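Only one structure is covered here, and it is reproduced in the block below.
The values are calculated or read from the model by the stated rules, or taken from the named source; none is laboratory data. Note that the coordinates shown come from a computational prediction; the quantities given were computed from them, not determined experimentally. Ideal geometry is used to build each Cβ from the backbone, glycine not excepted, and the neighbour counts take in all protein chains shown.
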Amino acid sequence: MHVDAAKDNPATGTPSATQQLNDFIVTSAGNVGVGTITPSEHLDVASGNVRVRGINSNIGVAADKLMAADANGVLKIAGGSTYSTTNSGNRVLNVTGGPTINAATGWTNNVFTNILLNTDYDPLNAYDASTGIYTIPTDGLYSIYANCRFVLPNTGSGSFDGTGGLAYASIIVDGGRIGTGYTVILRGTKTPSAVNMLNLATNGTVWLKAGEKVTFEFLTYGTVNMVANLADLTIDKGNSFIRINKLL
């Protein structure tokens, strides 16, 4: 069945691509074409958007499937393996560890600094340990989880006098922050433990394009108010990390 809505098709021969744009066809195979006389799927729309007026507002359920369009515009169930909590599956990066750094020589007050970590798992060789930059290898939906651990001594960092400062840790994509954690660091003894450990964890799930740069950066503001000796404020890289999973 072939409907030429604008009645602009030739009497014989195949209509042009422009003439087909107003055509509607159902083939003997049961394929429906809108704007094309050679539909390759059960519903094949040559160009334009698909709209559903008054779409139901039903709440999704676990069995619902996420759809994606391939390079040819064919709708399919989106791929993606089960979220991996280990160095396998859809995990594409795990970096952790490295030499301890301190506020006296390791960074500058009120300046965001890349935290440089050792490569533990990088199957696509996309992480540069010398710069702390992960270059996105392919377009996709990525989940990023990162932690920066600050450590202060239990004693010797000065007496509590009401002073302190702020510490930040941020996931940054091409210069823009997509997730930030922060905490107040007060001078003096805070706990009876051997050390004071402050974990700044942050995360984000974003669609990223190939070539975009991901970094995990930290900053301390009012650093001189946090400890009596700047060398006492350190970052424990053994408990700091960046973990990235590619969801789609």
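Please verify whether Gly73 is farther than 30 Å from Ala231 by Cα and at pLDDT below 85, treating the condition exactly as stated. No: the conditions fail for Gly73.
Candidates in segment 225-248 are the residues that are part of a loop (DSSP other than H, G, I, E, B) and in contact with a Ser or Thr (Cβ under 8 Å, 6 or more places away or on another chain); of these, the one that is nearest to Leu124 (Cα to Cα) is Leu247. For segment 105-119, indicate whether the set of residues that are assigned by TED's automatic domain parsing to the domain that holds Ile235, part of a strand (DSSP E or B) and of a type outside the set (Ser, Thr, Tyr) is non-empty. There is at least one residue in segment 105-119 that is assigned by TED's automatic domain parsing to the domain that holds Ile235, part of a strand (DSSP E or B) and of a type outside the set (Ser, Thr, Tyr). The residues of segment 209-230 that are of a type outside the set (Asp, Glu) and over 25 Å from Thr105 (Cα atoms), listed by number, are Lys209, Ala210, Gly211, Lys213. Where strands (runs of 3 or more DSSP E) fall entirely within segment 1-96, those with at least 2 residues that are over 37 Å from the mean Cα position of the chain (by Cα) are at 2-4, 23-26, 32-34.
Scan segment 127-150 for residues that are surrounded by fewer than 18 Cβ atoms within 10 Å (Cβ to Cβ) and assigned to a loop (DSSP other than H, G, I, E, B) and the total you get is 6. Determine whether segment 221-232 contains at least one residue that is under 12 Å from the mean Cα position of the chain (by Cα) and in contact (Cβ under 8 Å) with a residue 60 or more places away in the chain. No, every residue in segment 221-232 fails to be under 12 Å from the mean Cα position of the chain (by Cα) and in contact (Cβ under 8 Å) with a residue 60 or more places away in the chain.
Yes/no per residue for (1) acidic (Asp, Glu); (2) over 17 Å from the mean Cα position of the chain (by Cα):
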position: Asp122; (1), (2): yes, no
position: Ser143; (1), (2): no, no
position: Pro153; (1), (2): no, yes
position: Gly164; (1), (2): no, yes
position: Ala169; (1), (2): no, no
position: Ile172; (1), (2): no, no
position: Gly179; (1), (2): no, no
position: Val184; (1), (2): no, yes
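Residues that are of a type in the set (D, E, K, R), at pLDDT 90 or above and either closer than 30 Å to Phe216 by Cβ or in the same structural domain as Phe216 (by TED's automatic domain parsing) (or both) do not occur anywhere in segment 14-35.
Against the condition assigned to a strand (DSSP E or B), surrounded by fewer than 18 Cβ atoms within 10 Å (Cβ to Cβ), out of contact with any helix residue (DSSP H, G or I) (no Cβ under 9 Å at 6 or more places or on another chain) and small (Gly, Ala, Ser), how does Ala169 come out, does it pass?
No.
Within segment 19-39, residues that are more than 10 Å from Val3 (Cβ to Cβ) sit with their Cβ atoms under 6 Å from residues that are crowded, with 16+ Cβ neighbours inside 10 Å and among the hydroxyl-bearing types (Ser, Thr, Tyr), at 6+ positions apart or across chains, in these pairs: Gln20/Thr36.
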